[in-house]
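The values are calculated or read from the model by the stated rules, or taken from the named source; none is laboratory data. All of these numbers come straight from a predicted model, not from anything done at the bench. Calculation scope for accessible area: heavy atoms of the full protein, side chains included, ligands and nucleic acids excluded. Shrake-Rupley method; radii C 1.70, N 1.55, O 1.52, S 1.80 Å.
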Amino acid sequence: MRLSILSAILLGCASMAGCASSSNPTAALSIKPSAEITSSVSKGSNPVPEAAVGESKVTAEGAEMLAWAGPGADSHVFESVTKQSAIPSERPEEALTAVETPSEGRSKKRSRIYSQQFRDAHPINFGKRAPRHYQVHGVDVSRWQGDIDWMKLRTQGANFAFIKATDGGDHLDPMFQKNWRRAKEAGIRRGAYHFFYWCRVASSQAEWFIRNVPKDPDALPPVIDAEYNGESSCKRRLTRAQYVEKIQVFSDMLERHYGKRPIIYTAPDFYEDNLSGELKNHPFWLRSVAAHPSKRYPNRRWMFWQYSGSGLSHGVTGKIDLNVFAGSESDWHNWLNGQSGTKTASRD
């Protein structure tokens, strides 16, 4: 009788353990990895970390060669944006430059701007309107840059960084969380970007981005990467109106959540087909590797210019994308502080 009771107890415990393991909350919430293939970032030759979630394979085939530079050191004109929320309201948090003042308590000095020390594996002669004439340089990164020495990268001229976060509605860059945290620890102003998948509902993509990207008041505005992708499983081509609508829906949801109007990143072919003359109230980040943006994007004001995809820098193994901010160092600080009103984009 005692053996029968003991056996029953043992069988009951084993059954309960099995139920507990099968009802793991993480497993229940897991999302099937995406089969989406993107070409937003070219794969480097350096080792790539193991993916922590469903990820996309990226190839360089069909991608435009990146190699960039910016306008001269002349005055920059800024374009008005109707919504004040597009402008970050605070300076970057940087412990090394924080000071105490008797009247205001704790305040922050302007973070140091490092001059760019980057090299380029495939340099381009941009003439008088070259990137070196700009005062504020930065980078954009994804998992393909592997482990980054963010402090070293900052001293080389990375005053800001756009970090790959998500694409589609179920892919998270496996290095995003680490890059997001360490970039801030190094005192770099950073923002997250989403690679848009045109065969998926815009609202679900926005929800996925919001789920994975923290709401940090120090962050730069989120970025929508809007471009064609020849390697994508999505072969559908939309009308201009449909592309614009998807971007607007995604943008509106992110702006409501983060309180900052998203920046639109795009490439010449996609822009010419779908975005020329559109979304004038949004700041733009433009890819132009062989000429100044004014040549590739006539009459479009811009905030950031990606001038090279073949940059070389201490702190990173392999190549990295290089960028410049449109205005002066003073414009940069004013924009970060929200003291520049609604001025957001440069024209040359």
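Structural remarks
- Heavy atoms of R287 accessible to a 1.4 Å probe, total area in Å² rounded to 10: 20
- Normalised per residue, the accessible area of the stretch 199-306 is 39 Å², obtained with a 1.4 Å probe and no contribution from ligands, DNA or RNA.
- Reported to the nearest whole Å, the Cα centre-to-centre distance from the stretch 309-339 to the stretch 180-215 is 18.
- Using a probe of 1.4 Å on the protein chains alone, the accessible area found for V136 is around 0 Å².
- Amide H contacts for Y265 (H built 1.01 Å from N in the peptide plane; partners 5 or more residues away or on another chain; cut-off under 5 Å): I224, D225, A226, W285.
- Each residue of the stretch 241-254 was assigned a 3J(HN,Hα) from its phi angle through the Karplus expression (A = 6.51, B = -1.76, C = 1.60, θ = phi - 60°), giving 4, 5, 4, 4, 4, 4, 4, 5, 4, 4, 4, 4, 5, 5 Hz with x at Gly and Pro.
- Surface listing: T317, T155 arranged by accessible area from highest to lowest gives T317, T155, probe 1.4 Å.
- Normalised radius of gyration (Cα atoms, divided by 2.2 N^0.38 Å) for the stretch 163-249: 1.15.
- To the nearest 10, the accessible area of R182 is 100 Å² with a 1.4 Å probe.
- Scattering profile of the stretch 227-348 at q = 0.10, 0.13, 0.15, 0.22 Å⁻¹ [log10 I(q)/I(0), Debye over alpha-carbon scatterers]: -0.37, -0.63, -0.83, -1.38
- Taking amide H atoms as placed 1.01 Å from N in the peptide plane, the amide H of F162 lies under 5 Å from those of V139, D140, V141, G191, each 5 or more residues away in sequence or on another chain.
- Rounded to 5, percent antiparallel among DSSP beta bridges of the stretch 160-281: 10
- Working note: Karplus 6.51/-1.76/1.60 with θ = phi - 60° gives the stretch 195-201 the couplings 8, 7, 10, 6, 9, 10, 4 Hz, where Gly and Pro are set to x.
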